[in-house]
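Participant: Sharing a structure here in structure tokens format.
The values are calculated or read from the model by the stated rules, or taken from the named source; none is laboratory data. Every value quoted in this text rests on a predicted model; they were computed, and no experiment measured them. For neighbour counting, all protein chains shown are included, and Cβ atoms are generated from backbone atoms with ideal geometry for every residue, glycine included. These accessible areas exclude ligands, DNA and RNA; they are computed on the full protein's heavy atoms, side chains included. Shrake-Rupley method; radii C 1.70, N 1.55, O 1.52, S 1.80 Å.
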Number of protein chains: 2
Amino acid sequence: MVQYTRTAFDASFAALSDATRRGVLEQLGRADASITDLAGKFRMTLTGMKKHVGVLEQAGLVTTEKVGRVRTCRLGLRRLEEEAAWIERYRQLWEARFDELDQVVEELKRKEKADGRKKRE
Amino acid sequence: MVQYTRTAFDASFAALSDATRRGVLEQLGRADASITDLAGKFRMTLTGMKKHVGVLEQAGLVTTEKVGRVRTCRLGLRRLEEEAAWIERYRQLWEARFDELDQVVEELKRKEKADGRKKRE
DNA sequence: TAGATACTGAACCATATGGTTCAGTATACC
DNA sequence: GGTATACTGAACCATATGGTTCAGTATCTA
């Protein structure tokens, strides 16, 4: 993939792009869970779930701690502040852009009407 | 990858996980642009940029229209409403979860103090 | 009509993703 | 000590990602 700089920002959006991982986050929002718990809940092998948790951990969305033979997963420190901010900013940009386009359309309508009048003259 | 259901929701988070694509969205927020414009701005081959635009288009974040030999890209209809909503909901979950943990910590502190008193008795 | 411009598609490369199985290792329990 | 449980790592598979080059095709423009 030849990705040069893979920021935590990039990583968290990537982490959120999978339904299973979003589900895991929601689950951990309710209670901490072991790999076995999560694998059971999402009907997947331990190895598979371990990978998902790894992706979430890389993104800072989850932290884990192994005590005895069980690894407990809990929500990490990253609380999607920047991500929320980016999306909000984008939404404003989007609104502004479409307002602008609306104005162009209005302008065209106005001109058309004027042309119509001219033709009829 | 054996992905069964790749929703537009998944796709837009995936689309946002790349800095170049986020940049393209910001750019298109300011003005429509051709593939050549974007490729120039982000120092990339036309083919490379075409692929990024394809990903954004798949996600509904961009629409394109080819007139003559130029393909013009503009912001699509998807305005990240659901995505913003998911993140907001998560942030609330996160807050609630950490408040809960704080309470547990408080509880432990309280107990410890009580134990301390007991020992001193 | 010739040449420049704009895109497009196929092929290739390296790595990531989303899974699996299989073969461990470490810990808990009887 | 022996067995069950919980995780882990390696290897594998198919597809996606993020690029590239190269060889077109289509459209402007002089």
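Participant: For a quick check: with amide H placed at 1.01 Å from N, whose amide H comes under 5 Å from residue B:34's, ignoring anything fewer than 5 positions away on the same chain?
Facilitator: Sorted by chain and number, the residues that satisfy this are B:73.
Participant: At the nearest 100 Å², what buried accessible area, both sides summed, do you get for A and B when the probe is 1.4 Å?
Facilitator: Chains A and B together bury roughly 3500 Å² of accessible area.
Participant: Since chains B and A are linked by a rotation, which residue in B has the beta carbon closest to its axis, and how far is it in Å?
Facilitator: So the closest residue, with its distance, comes out as B:13, 3.
Participant: With a cut-off of at most 10 other beta carbons within 10 Å, and DSSP calling the residue loop, which trypsin sites (Lys or Arg not before Pro) in the range B:22-94 qualify? Please list them.
Facilitator: Hits after loop and neighbour filter: B:43, B:69.
Participant: Sticking with this structure for a sec: Answer with one residue from A:27, A:55, A:39: the one whose Cα lies farthest towards the positive end of the charge dipole of the range A:8-75, charges on Cβ with Lys, Arg +1 and Asp, Glu -1.
Facilitator: A:39
Participant: Taking all pairs of distinct Cα atoms, average 1/r, flip it, and tell me the Kirkwood hydrodynamic radius of the range A:8-75 in Å to one decimal place. Provide the component values of the computation, followed by the final result.
Facilitator: Details: mean 1/r = 0.0854 Å⁻¹.
Final number for the Kirkwood radius of the range A:8-75 is 11.7 Å.
Participant: Additional query: Hey, rough spin-label estimate for residue A:95 and residue B:41, points 7 angstrom out along Cα→Cβ, what's it come to in nanometres?
Facilitator: Spacing of the two 7 Å Cα→Cβ label points: 2.2 nm.
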